[in-house]
Amino acid sequence: MKTKITELLGIKYPVFQGAMAWIADAGLAAAVSNAGGLGIIAAGAAPVEFVRDEIRRAKQLTDKPFAVNIMLLNPNAPELAQLVIDEGVKVVTTGAGSPAKYMKAWKEAGIKVIPVIASTAYAKRMERMGADAVIAEGMESGGHIGETTTMALLPQVVDAVSIPVICAGGVADGRGMAAARIFGAEGVQCGTIFLSAEECNISQQYKDMIYKANDISTVVTGRASGHPVRSLKSPLSRRLVKMEGHIETRTLEEIEMITAGSLRKAVQDGNVEEGTFMSGQIAGLVNGPSDCKTILETIVGDAERILTHAPALIGMGENDG
Ligand code: TUI
């Protein structure tokens with residue numbers, strides 16, 4: 001499947017692996033890139049030295065393009081912005097804010113910049129600023145989210161900008177990818193499905209919770225503090241929902257106390273009681289272990305089949321009257 005994004009980045013499949021903080025390391029990113037997609041290392045809240053080592057490790061593991069994601073709420077963001085230049089990273093994605101401060105230096109360094117956006121206004125700003133593409137992320141996604149669904153956001157962003165749009169939020173199979181392409185997206189970004197990859201190094205508890213999840217297994221917490229986060233329903237998220245039901249300043253501080261470090265507790269320790277198990281709403285489609293190559297080939301192969309045979313599949317074929 002050739003699109004403006006496969007051409008722009010020199011990759012085989014127009015599928016990005018979402019930059020999941022604490023999860024998307026060099027091992028996962030390189031496995032995705034080697035399988036033909038765009039692997040992305042999530043800098044998350046990690047120290048600069050750690051991210052430098054991960055970038056160097058990815059270069060050892062793959063000769064294909066990979067990206068680094070900079071989460072702009074991270075206090076280290078300015079140092080990370082320089083690090084990607086120093087390390088010769090070719091593609092940068094950003095999330096949770098504006099990359100305005102770094103855009104000029106990145107473009108001068110020849111870096112392809114692809115911000116995650118959650119509104120048309122922001123998409124237009126990014127285009128004016130020189131972004132090479134945008135990732136339109138619907139609120140079906142896991143982690144920190146905006147307010148609009150993929151179904152509503154994607155066509156509006158596609159109409160609002162002329163640069164390529166990548167669809168994120170709710171995509172885990174060929175149907176999702178085919179739908180995204182019909183809406184005008186040049187590619188997709190998937191997060192949750194990659195939690196099932198053998199190359200994804202997270203606790204077995206986290207994987208099992210994803211495999212057991214269904215369509216109503218996630219919940220959004222943190223709206224009160226201005227950083228809404230989607231995660232699996234769990235002892236911690238249930239406590240947060242209760243606390244947010246009667247919010248005062250004291251509980252906001254308490255919430256900060258119990259959520260700080262809770263993603264690490266989920267990813268590394270498999271701490272079911274105190275962990276935040278971030279997940280998209282599509283987790284119900286993720287039912288067991290797989291690997292990056294199978295995931296990519298299944299999504300793209302199924303999308304191609306659906307798009308090729310679409311008229312017959314929806315009863316509008318030549319022989320369907
Ligand atoms: O960034 C994400 N997803 C994330 S970051 C993350 S780590 C975290 N942990 C705890 C609390 C908060 C974050 C987990 N998941 N996705 C990209 C994304 N960006 N989603 C939404 C946005 C976004 C939101 C506002 C992008 C730009 C933006 O700008 C608003 C404005 O007008 O300044």
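Read the figures in this text as sums done on the coordinates, not as results from a lab. Values in this document were obtained by computation on a predicted structure and should not be read as measured data. Every residue, glycine as well, gets a Cβ built from its backbone with ideal geometry; the counts of neighbours run over all protein chains shown.
Below, the figures for the structure above:
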quantity	calculated
Calculated from backbone phi, Karplus (6.51, -1.76, 1.60) coupling profile of the range 228-234 in Hz, x at Gly/Pro	x, 10, 8, 8, 5, 4, 7
Computed label-point distance, nm, for sites Arg305 and Thr149 using a 7 Å Cα→Cβ extension	2.7 nm
Prolate/oblate/rounded call for the range 121-254, Cα gyration tensor, a/c under 1.5 rounded	oblate
Sorted by Cβ neighbour density within 10 Å, fewest at the top, the residues His246, His309, His144, His227	His246, His309, His227, His144
Positive dipole terminus of the chain, leading residue within Asn34, Gly110, Val157 (C-beta point charges)	Gly110
Within-15-Å neighbourhood charge of Leu236 [Cβ basis; K, R +1; D, E -1]	+1
Added length on full extension, which subtracts the Cα-Cα distance from 0.36 nm per residue, Arg223 to Glu318	29.2 nm
Mean residue ellipticity (222 nm) of the chain, computed from DSSP H runs ≥ 4 via -39,500 (n - 2.57), nearest 500	-12000 deg cm²/dmol
Total charge dipole magnitude, the range 85-158, about the Cα centre, Cβ charges on Lys, Arg, Asp, Glu only, Debye to nearest 20	300 debye
Set Lys207/Lys265; Lys2/Lys124; Lys64/Lys124; Lys212/Lys242; Lys12/Lys107; Lys112/Lys293 screened for pairs whose C-alpha atoms are more than 18 Å apart	Lys2/Lys124; Lys64/Lys124; Lys212/Lys242; Lys12/Lys107; Lys112/Lys293
